[in-house]
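What follows is a single structure, written as structure tokens, with notes after it.
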Amino acid sequence: MVEMVSRPYAGAFEKYAVANPEVLCLSADLTSSCEVDGFRDRHPDQFISLGMAEQNMMSFAGGLGLAGFRPFLHTFGVFLYRRPYDQLMASVAYPRRKVRLMGFLPGITTPGGMTHQAIEDISVMRSIPNMTILETGDATEVESICEAADSIDGPVYCRVLRGSVPRLFDTPIKVGEMRELAHGADVLIVTAGITTEEALRARAALEASGVSVRHLHLHTIKPFNAQALLDHIASVRHGVVTLENHVTEGGIGSLVAETMADAGVGKRLIRLGLKDTYAHGGSKPYLMRFYGLDALALTRGVESLIGQPLGISEDDLDAARVDAVHSLVKAEAL
Amino acid sequence: MLNSKTTDAVALGIRRRVFEHSIRNNGGYMSQACSAAEQIAWLYNEELKLGQPTLPMIPKPFGGVPSASNPDYHTGAGYNGPAAPQFDRLFIAPAHYALVAYAALIEVGRMAPEGLDMFNKDGSSVEMIGAEHSPGMEVHNGTLGIGLSTAAGLAWGRKRRGEPGRVWVFMSDGEVQEGQTWEAVQAAAYHGIDNLYAIMDVNAQQCDGAMSSVMEVGDIRAKLELFGARAIDIDGHDLDAMRQAVAEPHDGRPLIILAHTSPFRGMSFLERRFPRLHYVRFKSEQERVEMNTEIARELGVEPVAYGEH
Ligand SMILES: Cc1ncc(C[n+]2csc(CCOP(=O)(O)OP(=O)(O)O)c2C)c(N)n1
């Protein structure tokens, strides 16, 4: 059974911010939803409440950057780029302010529907010059995200997991690297965030049906180590399958496609994720199944890559974790 | 539609349904029912001119998102009747009030009680954060602060077309923290959009707690007036005050009724949870039992017999 860690961000942020007084905690009325309520209560001098006003928060953070502070912005991922996109460009990204954008509830990890689901954030952020993008896939990465983000000389957008988070790794994020989780020779699987756990669920079944899997987990999406990826692609026979909690345009699937095209790699690529569609409200396992983001969808992707059925069914996959709809580690039902 | 209940009865019915739903489901947007019950009841039961619902009493399952390959897509607006020229339109701007709005639809006979059982269930259109395919919704408003602008645009368009129907928005006070709200008022005043009406639930609450402890917004009425709206402060639990306020002349200006409310009206027990009222989840089984007993008594119903949830 995988170890579950409760609210890893809460403790990690507090520890990091207390040790770094130029770090400020900014919040837009989602303080407990972003697990910084304890920090607010214990360190009010390092906390700035900005209300439900994200555009102002973004440019305000730019100003704090000018004053030599390193603001960490806390809200749901969507509210860090959809409404305040212009402010993000002009006040933060262009002047390379050291603003740390902590985006909670990435992709379909929220039942809040279209308005709450950041499904194109990576695509948007990848196209912003000067932006760094990190994504957490387990509790250890959440615990190390503050230090990793704050090491960036410029703005950084992070997809942060919250609540009850599985521990999959035992080493912190090393910005610019990627994790090699399996070293097989047939198929390369590339995942990030919550889809990594799905790939881990599928691995035994894939191996049992004779597919030798190489698996990469990305926590650093931009900048990206293209050569490392190309080396991995060179060591597999068939090609690559990407699985992302994001639309397949502009995210890690596109990143891999661009890397392959730039280098003239002639192998096949299957990109799994949201296929040019919005999502809707529902539980995470339901949405992952509905939109083909789960372990089963991944095995189908591998089948299509190698061009032969593997006969893998739900029963062959490692059990999915089912999060409680109501749990004390969540501030609300979102 | 003929209203067979008094508006007071509808408001009580809304509180009861939201209470029962929340006890059963181990939590819910209860304080929003406390503060907004009269406003939504008043809108649906007497003020809005709406036609007969055009969608089935028992909501259809989620039917996909808008796309060229989904030609049968439709919104949930049909629960408010057809979009005919003579009828009013309503937007629930803070979409997390959906539970309250669904309860109101049931109370006024526009949706079957089964609709609430589908709330936040996988594959259902009755979403927790009202989506545009959810009953009674016509657009997505889960990103707060966009509702009044949409309504202003629709109202301008209807005016241009000579339609007599009005456009109403139910708003929350948290929305005044968003700059867009002020841009909407400014535009509505500039363009003389007086077929635009809003009622705002001024419960002085937001996610983090009391608004004064998160971001002070000051005198909303004075600010709205300066931006060019006609704005009136009323007791948001007083139906007669609503009836009077809506009669206020407001030529060339939108009318915005500021309904000052209590977030624990009708469920006094919730006061113990102040200032964390945004989403009420029971801290323990003990608290759930206590709330079930106390609130049921106050609302004049039997405690909810819930199973293992
Ligand atoms: C643009 C935007 N920012 C943040 C949120 C998250 N959020 C949902 S409700 C809410 C504030 C709640 O305050 P209010 O609107 O007054 O509603 P009430 O307290 O009456 O429930 C926030 C910040 C959101 N939905 N949209």
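Observations on the model:
- Accessible area per residue in Å² at 1.4 Å probe, computed on the protein assembly as shown: 37
- Whole-Hz couplings from phi, Karplus 6.51/-1.76/1.60, listed for segment A:139-154; x for Gly and Pro: 5, 5, 5, 5, 5, 9, 5, 5, 5, 4, 5, 6, 7, 7, 8, x
- Approximate spin-label separation B:Ser213-A:Val2, in nm, with each point projected 7 Å along Cα-to-Cβ: 3.6
- Across segment B:1-120 the C-alpha pair distances fall into 5 Å bins from zero in the proportions 2, 11, 20, 23, 21, 13, 6, 3, 1 percent.
- Under Karplus coefficients 6.51, -1.76 and 1.60, residue-wise ³J(HN,Hα) of segment B:277-288 in Hz, glycine/proline x: 10, 3, 10, 8, 10, 6, 6, 7, 4, 4, 5, 4
- Gap separating the Cα centres of segment B:79-106 and segment A:127-195, nearest whole Å: 42
- Förster radius 25 Å - calculated FRET efficiency between B:Thr54 and B:Arg160 (Cβ-Cβ, nearest 0.05): 0.50
- In order through segment A:4-12: 3J(HN,Hα) via Karplus (6.51 cos²θ - 1.76 cosθ + 1.60), integer Hz, x for Gly, Pro: 9, 10, 8, 6, x, 5, 3, x, 5
- Gaussian network model of chain B, Cα within-10 Å springs - most flexible of B:Asp72, B:Asp173, B:Asp208: B:Asp72
- 10 Å Cβ neighbours from other chains, averaged over peptide B:119-130: 5
- Counting only other chain Cβ atoms within 10 Å of each residue's Cβ, the peptide A:271-284 averages 4.
- A Förster distance of 41 Å, applied to the separation of the beta-carbon atoms of B:Gln186 and B:Lys5, puts the FRET efficiency at 0.60.
- Between chain B and chain A, the total buried accessible area stands at approximately 2900 Å², from heavy atoms with a 1.4 Å probe.
- Pairs beyond 30 Å (Cα-Cα), from A:Lys98/A:Lys174; A:Lys15/B:Lys283; B:Lys121/B:Lys283; A:Lys284/B:Lys223; A:Lys98/A:Lys275; B:Lys5/B:Lys159: A:Lys284/B:Lys223; A:Lys98/A:Lys275; B:Lys5/B:Lys159
- Value of relative contact order over chain A, rounded to a whole percent, pairs C-alpha under 8 Å and six or more apart: 17
- Isotropically averaged projected area of segment A:10-167, using the convex hull of Cα atoms (one quarter of hull area), nm²: 8.1
- Long-range amide H partners of A:Leu181 with built H, under 5 Å: A:His215, A:Leu216, A:His217
- Each of A:Lys174 and B:Glu248 was given a label point 7 Å from its Cα along the Cα-to-Cβ line. The distance between the two points is 6.5 nm.
- Debye log10 I(q)/I(0) for chain B, one point scatterer per Cα, at q = 0.09, 0.10, 0.16 Å⁻¹: -0.42, -0.52, -1.38
- Long-range Cα-Cα pairs in segment A:178-319 (distance over 28 Å), rounded percent: 11
- With every protein chain in place, segment A:122-279: carbon and sulfur % of accessible area (1.4 Å): 49
- Fraction of beta bridges assigned by DSSP in the protein assembly as shown that are antiparallel (%, nearest 5): 20
The values are calculated or read from the model by the stated rules, or taken from the named source; none is laboratory data. Keep in mind that this is a model prediction, so the values were computed, not measured. Glycine gets a Cβ as well: all are built from the backbone with ideal geometry, and neighbour counts include every protein chain shown. Note: accessible area is taken over every heavy atom of the protein model, side chains too, but ligands, DNA and RNA are not part of it. Shrake-Rupley method; radii C 1.70, N 1.55, O 1.52, S 1.80 Å.
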